[in-house]
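Values in this text are rule-based calculations from the coordinates and carry no lab data. Just so we're clear, the structure is a prediction, and the values are computed from it rather than from any experiment. So basically every Cβ, Gly included, is an ideal-geometry build from the backbone, and we count neighbours across all protein chains shown.
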Amino acid sequence: DAGVTQSPTHLIKTRGQHVTLRCSPISGHKSVSWYQQVLGQGPQFIFQYYEKEERGRGNFPDRFSARQFPNYSSELNVNALLLGDSALYLCASSPLRGTAVPDTQYFGPGTRLTVL
Amino acid sequence: RKEVEQDPGPFNVPEGATVAFNCTYSNSASQSFFWYRQDCRKEPKLLMSVYSSGNEDGRFTAQLNRASQYISLLIRDSKLSDSATYLCVVTSIFTSGTYKYIFGTGTRLKVLA
């Protein structure tokens, strides 16, 4: 089975531009989460989507937005890019079986964004 | 205080050594705990889940102490291939019933020949 896929793998943008990152979850997984990982730090939670609805949001500015499509793939959009947005953006999928115990999340290879 | 704290290391150990990492968390309501491994410039990959009863997978042993709010990972007989960053993960539940992962900063391990 294919794992989580993300595109593009690398991206270079300039300050003020907009970027769209894409993620396809593991087949059968209905939940997608986005994380930002800057160098030397652990990943930080940005959004979680389940059944096309936003279920959780991290402490990120409104320049960050996301959506989930009927096929459960997802896009992360970042407007008005700043130098500090340079990071590895990770997408994770999970089955989210609806039980009280959190499922394991499986990560994609990430998109490395550089803002100049 | 950070929600999840880890010693960033690096831990430089010789091959064959035993090494232990600890991680503390602040939210006593956290329900699930994991250790992930991350190689340089790659995505995190699940190493093991952590249970109150402790669990072992080959050379790796994870323990959870809910009373003291810490998680540990023990690696025995270290191999060169164990060199990586080890990320401690704690889950936090949203009111919607879903959850997020809260990561520590990671502990770097370098196993030396």
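Mean-square fluctuations from a GNM of chain B, with a 10 angstrom spring cutoff on Cα atoms, peak among B:V90, B:V19, B:V50 at B:V19. Using Cβ point charges alone (K and R +1, D and E -1), the dipole size of chain B about the Cα centre works out to roughly 220 debye.
Distance between the pseudo-spin-label points of A:F69 and A:A2 (7 Å out from Cα toward the beta carbon): 1.1 nm. Remark: the protein assembly as shown carries a charge dipole of roughly 380 debye about the Cα centre, counting +1 on each Lys and Arg Cβ and -1 on each Asp and Glu Cβ.
Take chain A, connect every pair of alpha-carbon atoms lying under 10 Å apart with a spring to form a Gaussian network, then pick out the residue of A:D62, A:D85, A:D103 with the largest mean-square fluctuation. Highest fluctuation of the listed residues: A:D62. The separation of region B:81-99 from region A:38-101, counted between C-alpha centres, amounts to 14 Å. Fully extending the segment from A:E51 to A:R15, taken as 0.36 nm per residue of separation minus the present Cα-Cα distance, adds 9.7 nm.
Full extension of the chain segment joining B:K2 with B:S53 gains 15.8 nm, where the gain is 0.36 nm per residue of separation less the Cα-Cα distance. Between B:R76 and A:L82, the simple label model (points 7 Å from Cα in the Cβ direction) yields a spacing of 4.9 nm. If a spin label sat at a point 7 angstrom from the Cα of B:S28 along the line to its beta carbon, the backbone N atoms of region B:60-90 nearer than 17 Å would be those of B:65-71. Each Cα pair under 8 Å and six or more residues apart adds its separation to the average, and for chain A the resulting relative contact order is 36 percent.
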